[in-house]
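> After the structure tokens below, expect a handful of questions from me.
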Amino acid sequence: GENVEQHPSTLSVQEGDSAVIKCTYSDSASNYFPWYKQELGKGPQLIIDIRSNVGEKKDQRIAVTLNKTAKHFSLHITETQPEDSAVYFCAASSTNAGGTSYGKLTFGQGTILTVHP
Amino acid sequence: DSGVTQTPKHLITATGQRVTLRCSPRSGDLSVYWYQQSLDQGLQFLIQYYNGEERAKGNILERFSAQQFPDLHSELNLSSLELGDSALYFCASSVEARGDTNSPLHFGNGTRLTVT
């Protein structure tokens, strides 16, 4: 099955700096890669996603890049703010034996991002 | 607010007992997913239902079962509970539009289960 590795496990930055989180996946048939932000006491919240037919996607201060050949994708947050502090998860869609995705996601282990004022 | 409602928020029970976790998906979403989150295992996919039918199964124990009802709400039943079942249990839903089986998942705020 799919395996997703996420790095770093913790990331500490100063307000205004950029933050980058990287993930690699194992299943070359995976074609959907969302990123989630989880705050204390809440469920994961989708912040951005990318599909395998796109190399980069941007939404204000957040961008995601995908390298299908190398099977890795990254989250970039620019001009970080204290409210960006949270746990961030990458994920990849898993496929069944026939290669069909059913929306089942395999998650990375998470990155604890701390933004210091 | 994701629109996905999970009850109860907290559950404390003893080993050997049985509990039921409930999830109401976002309005219009046909797919429901259950995930378990623990410190050592991270977010693990348990099971998915689509419009009342089981669609995919992950690392779900035989002591656990789920169903999706005609009104699309879902229940996760955990029986013969063990200490190791203590975790956060999340429900997520997606619209899964025709031909697009990778619709975004929207998560509820979870049920924290503590087994003593």
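> Run the simple label-point estimate for A:Arg51 and B:Ser86 please: 7 Å along Cα→C-beta, distance reported in nm.
4.3
> Here's another thing I want to ask about it. Kindly write out, for region B:42-51 in residue order, the coupling ³J(HN,Hα) from the Karplus curve 6.51 cos²θ - 1.76 cosθ + 1.60 (θ = phi - 60°), rounded to whole Hz, with x marking Gly and Pro.
Whole-Hz 3J(HN,Hα) from phi for region B:42-51: x, 8, 10, 6, 9, 6, 10, 10, 10, 6.
> Next question. For region B:12-103, what is the relative contact order in percent, using Cα pairs closer than 8 Å and at least 6 residues apart in sequence? Could you put the intermediate results ahead of the total?
Values: 179 pairs, mean separation 34.4, N = 92.
Answer for region B:12-103 is 37 percent.
> Most mobile of B:Asp40, B:Asp71, B:Asp29 per a Gaussian network model of chain B (Cα springs, under 10 Å)?
Largest GNM mean-square fluctuation: B:Asp40.
> For region B:11-91, what is the accessible area per residue in Å² when the probe is 1.4 Å? All intermediate terms of the calculation are to be shown ahead of the outcome.
Numbers: 3880 Å² over 81 residues.
Ligands and nucleic acids excluded, the figure is 48 Å² per residue.
> Rounded to the nearest percent, how much of the accessible area of region B:67-116 (1.4 Å probe, protein heavy atoms only) is carbon and sulfur? Show your work: numbers first, answer last.
Values: 1010 of 1990 Å².
In region B:67-116, the share of accessible area belonging to carbon and sulfur is 51 percent.
> Aspartates and glutamates near A:Lys22 by alpha-carbon distance under 13 Å, same-chain residues fewer than 8 away left out - which ones?
Within the straight-line cut-off, A:Lys22 pairs with A:Glu5.
> Would you mind getting the accessible area per residue of chain A, heavy atoms of the protein chains only, 1.4 Å probe, in Å²?
On the way: 5670 Å² over 117 residues.
With the other protein chains kept in place, chain A gives 48 Å² per residue.
> Given a cut-off of 29 Å, name the pairs among A:Lys68/A:Lys104; A:Lys68/B:Lys9; A:Lys57/B:Lys57 whose C-alpha atoms lie farther apart than that in the structure shown. Could the numbers behind the result be given before it?
Numbers: A:Lys68/A:Lys104 19 Å; A:Lys68/B:Lys9 39 Å; A:Lys57/B:Lys57 31 Å.
Exceeds cut-off: A:Lys68/B:Lys9; A:Lys57/B:Lys57.
> What average number of partner chain Cβ atoms lie no more than 10 Å from the Cβ of the residues making up B:39-47? Kindly include the intermediate steps, with their values, before the conclusion.
Values: counts 0, 1, 1, 8, 11, 2, 9, 0, 1.
Average per residue, whole number: 4.
> Still on this structure, please answer the following. As an exercise, use a Förster radius of 41 Å and the Cβ-Cβ distance of A:Glu5 and B:Arg22 to find the FRET efficiency, rounded to the nearest 0.05.
Numbers: r = 34 Å, r/R0 = 0.82.
Computed FRET efficiency for A:Glu5 and B:Arg22: 0.75.
> Work out how much length B:Lys57 to B:Gln44 would gain on full extension: take 0.36 nm times their residue separation and subtract the Cα-Cα distance, in nm to one decimal.
So the chain would gain 3.6 nm between B:Lys57 and B:Gln44.
> Still on this structure, I have one more. Counting alpha carbon pairs within less than 8 Å and at least 6 residues apart, what relative contact order, in whole percent, applies to chain A?
Details: 293 pairs, mean separation 41.6, N = 117.
Over chain A, the number comes to 36 percent.
The values are calculated or read from the model by the stated rules, or taken from the named source; none is laboratory data. This is a predicted model, so every value here is computed, not measured. Every residue, glycine among them, receives a Cβ derived from its backbone with ideal geometry; neighbour counts consider all protein chains shown. All accessible areas refer to the heavy atoms of the entire protein, side chains included, with ligands and DNA or RNA removed. Shrake-Rupley method; radii C 1.70, N 1.55, O 1.52, S 1.80 Å.
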